[in-house]
1. Which whole-Hz couplings ³J(HN,Hα) result when phi for each residue of the stretch 26-32 is put into the Karplus expression 6.51 cos²θ - 1.76 cosθ + 1.60, θ = phi - 60°, listed in order with x for Gly and Pro?
2. Output wanted: per-residue J couplings in Hz (rounded whole) for the stretch 10-24, from phi through Karplus 6.51 cos²θ - 1.76 cosθ + 1.60, θ = phi - 60°, x for Gly and Pro.
3. Once amide H atoms are placed 1.01 Å from N in the peptide plane, what residues at a sequence separation of 5 or more from residue 81, or on another chain, have their amide H within under 5 Å of its amide H?
4. Return the long-range amide H neighbours of residue 70 (sequence gap of 5 or more, or a different chain), with a cut-off of under 5 Å between placed amide H atoms.
5. Could you pull out every residue, at least 5 positions away or on a different chain, whose amide H is within less than 5 Å of the one on residue 22? Hs are placed 1.01 Å off N in the peptide plane, and Pro or chain starts have none.
6. Just grab the label-to-label distance for residue 85 and residue 24, each label 7 Å out from Cα along the Cβ direction, in nm (one decimal).
7. Explain nothing, just compute: Karplus ³J(HN,Hα) = 6.51 cos²θ - 1.76 cosθ + 1.60, θ = phi - 60°, for every residue of the stretch 51-60 in order, whole Hz, x for Gly and Pro.
8. Count charges around residue 69 for me, please; just the other residues with Cβ under 14 Å from its Cβ, Lys/Arg as +1, Asp/Glu as -1.
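Please treat every number below as a calculation from the coordinates, not as lab data. Keep in mind that what you see is a predicted model, and the values were worked out from it rather than measured. Cβ placement follows ideal geometry from the backbone for every residue including glycine, while neighbour counts extend to all protein chains displayed.
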Amino acid sequence: MHGHNYRVEIVVSGSLDERGFVRDFAEVDAEIVPLIKQLDHRVLNDVEGLENPTAEVIAAWFLERIEGCESVRVYENDDCWAEVWR
């Protein structure tokens, strides 16, 4: 068993609202931070939906849970990443 310090990049899409945002960063953070807390310092194989925690599977796990998300990229390091999109 080994660990990673993953980095997750999300892309949201949509029309601008009356404030000039697709989504306010604070709203996105409010949605993402609880997801990260579910995974931080955990054996990912023990998390429902991540029994086979490849970077691709982790990206898809985030994509399914973030409203208005167009794509998710998960980095294992600067040179190794996987991306999934709708």
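1. These are the phi-based 3J(HN,Hα) values: 5, 5, 5, 4, 4, 8, 7 Hz.
2. Each residue's phi maps through the Karplus curve to give 10, 10, 10, 9, x, 8, 5, 8, 4, 8, x, 10, 6, 8, 5 Hz.
3. Counting only residues 5 or more places away or on other chains, the set is 76.
4. HN-HN under 5 Å from residue 70: 11, 12, 13.
5. 17
6. 2.9 nm
7. In residue order, the calculated couplings are 4, 10, x, 6, 4, 5, 5, 5, 4, 5 Hz.
8. -4
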